[in-house]
Amino acid sequence: MKYQTPTPSSLQQIETENVYRLWREKFIVPLLLGILVFGGIALFPAIIASSSALIDGIFVSTYLLVGVVTVLSFSYTIRISVFLLSVFVLAFGELISLGVLGDSLFFFLALVVFSTMLHSPRAGIVSIGFSIVTYVLIGWLMLSGQFVTLNKFATPATIQDWISAIVALIMFGSVIIFGFRQLENQFSETQKNADVILKTLEEQSTTLERRVEERTVQLRRINEVGRAVSAILDVNDILPFAAKFIQFEFDFYYTAIYLTDSSGQWVELKEAIGEISKVLKERRIRHNIINSKNIVAQVIRSKAGQIINNQDLIKLENPMFPYTRSLIVVPLVVGDFALGVVEMHSSKEHEFLPQDLDAYQNMANGIAIAIENSRLYQEAQKSIAEMRATQRQYLESAWSAVTSEKSLNYAIGDNEESDQNILEIPLTLRRQIIGQVQAAGHVEWTTEQKNLIEAIAAQASLALENARLVENSQVTASQERLTNEIISKIWSAQNMDGILQTTVREIGRNLEAAEVEIEVSMEGLDNDE
């Protein structure tokens, strides 16, 4: 036998039938309990009023059978059969008691309703047929005089009454079956729609969860890029590292970084990873920022990222990348200035979505900040180097002047023996050597002794520099004080001769000059008139 895989439609139909079956199985137990309760209430008066042992036996047997299938665990088929049997017994008892003009039609229609609702439309049709057979058989017996109603006061019925009852049974029974059939179909359709909606919601939930997970991974990778490049201080190392990190972290087809030149008119390819990247770097690809229609120049001008998923536009924009299916370009922005762009290619269609633009822009901002920090660091290092060079020149000239005025050489002990171990430690001041300490001994110098002498030499260098600065400040203060005294005496003179005499006298006395002469004359000077 060849096995056929069930289709989604058939599986959905089976699921709907299972739901309907479970509902019917839950509904049958309350019905049986209702028959036990209300049937028990009506059973005893009916037995007392009845004079037929056959009818009493049928009612009691049916009631006991209903009790057994209700209390004990039986299959749904047995329970529904017993329930329908109890309804039929009620209809049959009503028919033989009061005839066709009694309430038997109501019970037979109830039999059709319960057969159709709790079993199937086919069972409803069978119940109609069984009811018609019952009507025909009992009607023939009664009309032929072979059987009379148990209730002697029942109204006799004619053949027209029996035909009317059968026609009514067929008509209302058909309507009931058709109505329940439509209701079952509607229930099935509603269940299918509910299943479709539920499945759609589940798919959307799964898609959303997958998208959230992908977004989380994407943000983690982007943060990794920013964290990695932020620790690099050399711009020549940042660009290759960032391009490689992006390329392999996101598994892109091609990654490139462009930077603007010093003029701000051109944006040049500085680093690239992927297909033909080496060729493009050798060609020194660049674009005019002002009037170029290339996407790189457009992004620089607008300072806003762009995504291209259109294959025709991608081929037009990048004819050298035949496998590019998605493209994103984001600017490297610091403040209000665009340092360049990051261009990323993917071989997957619709790899970049509009909602991803902000995330990749944050990554580009991190790279831009790292580049700017590198630039500021290089400038600071250059300034520090210039300051150190200036400081070394200042220290060199200052100490050269000091050592040229007086000898700063002090020694203790005797260093005439040739077999002594000599240790020389420089006197270093801010990386500028201003002298040295030389020690000699008969034993090898230990590391601890060397460290001690180095520490002493460092402190001695600082002390010498402080002493020099103090002497300079004292000399400067003395010169300023002398200058103020001379100026005060000059201003205290009463006339021109006094001013000239005071000036010559104070200069000669304080500077120990052998001869001082001062002359006020306009001869030999250029005249602007």
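Computed values, structure above
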{"read-out": "Extension gain (nm, one decimal) between ASN365 and ARG392, 0.36 nm per residue minus Cα-Cα", "value": "5.7 nm"}
{"read-out": "Modelled label reach - ASN421, point 7 Å along Cα→Cβ, the stretch 441-468 residues with backbone N closer than 17 Å", "value": "441-454"}
{"read-out": "Between helix 447-492 and the chain: long-axis angle, C-alpha atoms, 0 to 90°, nearest 10", "value": "60 degrees"}
{"read-out": "Debye intensity ratio in log₁₀ form over the Cα atoms of the stretch 422-511, taken at each q of 0.19, 0.22, 0.24 Å⁻¹", "value": "-0.88, -1.02, -1.11"}
{"read-out": "Ranked by how many other beta carbons lie within 10 Å on average, peptides 479-488, 241-250 from highest", "value": "241-250, 479-488"}
{"read-out": "Options (1) 2.38; (2) 1.01; (3) 0.92 - which one matches Cα Rg over 2.2 N^0.38 Å as calculated here", "value": "(1)"}
{"read-out": "Relative contact order [Cα under 8 Å, 6+ residues apart], the stretch 233-379, whole percent", "value": "24 percent"}
{"read-out": "Relative contact order (%) - criterion: Cα under 8 Å, at least six apart; region: the chain", "value": "7 percent"}
{"read-out": "Hz values of 3J(HN,Hα) by residue in the stretch 346-352 - Karplus curve (6.51, -1.76, 1.60), Gly and Pro given as x", "value": "10, 7, 9, 6, 6, 5, 10"}
{"read-out": "Per-residue HN-Hα couplings for the stretch 400-406 [Karplus 6.51, -1.76, 1.60; θ = phi - 60°; Hz; x = Gly/Pro]", "value": "5, 5, 5, 6, 6, 7, 8"}
{"read-out": "Under 14 Å, Cβ to Cβ, from LYS382 - net charge with Lys/Arg +1 and Asp/Glu -1", "value": "-1"}
{"read-out": "Relative contact order of the stretch 262-345, defined on C-alpha pairs under 8 angstrom at six or more residues apart (%)", "value": "22 percent"}
{"read-out": "Mean-position separation - Cα centroids, the stretch 309-354 and the stretch 93-140, in angstrom", "value": "78 Å"}
{"read-out": "Between helix 496-511 and the chain: long-axis angle, C-alpha atoms, 0 to 90°, nearest 10", "value": "80 degrees"}
{"read-out": "Distant-in-sequence amide H partners of SER347 (H built 1.01 Å from N, under 5 Å)", "value": "TYR253, ARG325"}
{"read-out": "For the stretch 422-511, size of Cβ-based charge dipole, Lys and Arg +1, Asp and Glu -1, in debye", "value": "300 debye"}
{"read-out": "Förster-model FRET efficiency, 56 Å R0, ILE290 and GLN182, C-beta, rounded to 0.05", "value": "0.15"}
{"read-out": "Rg(Cα)/(2.2 N^0.38 Å) for the stretch 8-199, N = residue count", "value": "1.18"}
{"read-out": "Cα-based Rg and Dmax for the stretch 322-475, where Dmax is the largest Cα-Cα distance (Å)", "value": "29.9, 88"}
{"read-out": "222 nm mean residue ellipticity, helices alone, for the chain (DSSP H n ≥ 4; -39,500 (n - 2.57); rounded to 500)", "value": "-23000 deg cm²/dmol"}
{"read-out": "Spin-label model distance (nm) - ARG24 vs ALA385, 7 Å beyond Cα toward Cβ", "value": "9.3 nm"}
{"read-out": "Per-q log10 I(q)/I(0), the stretch 233-379, q = 0.11 Å⁻¹ (Debye; single scatterer per alpha-carbon; no solvent)", "value": "-0.37"}
{"read-out": "Helix axis angle, 104-118 relative to the chain longest principal axis, alpha carbon, degrees", "value": "30 degrees"}
{"read-out": "Point-to-point label distance, LYS192-ALA455, nm (Cα→Cβ direction, 7 Å offset)", "value": "9.3 nm"}
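Read-outs: derived from the displayed coordinates by stated rules, not from any lab. On a predicted model such as this, the values are computed, not experimentally measured, just so you know. Glycine also receives a Cβ, built like all others from the backbone with ideal geometry; neighbour counts cover every protein chain displayed.
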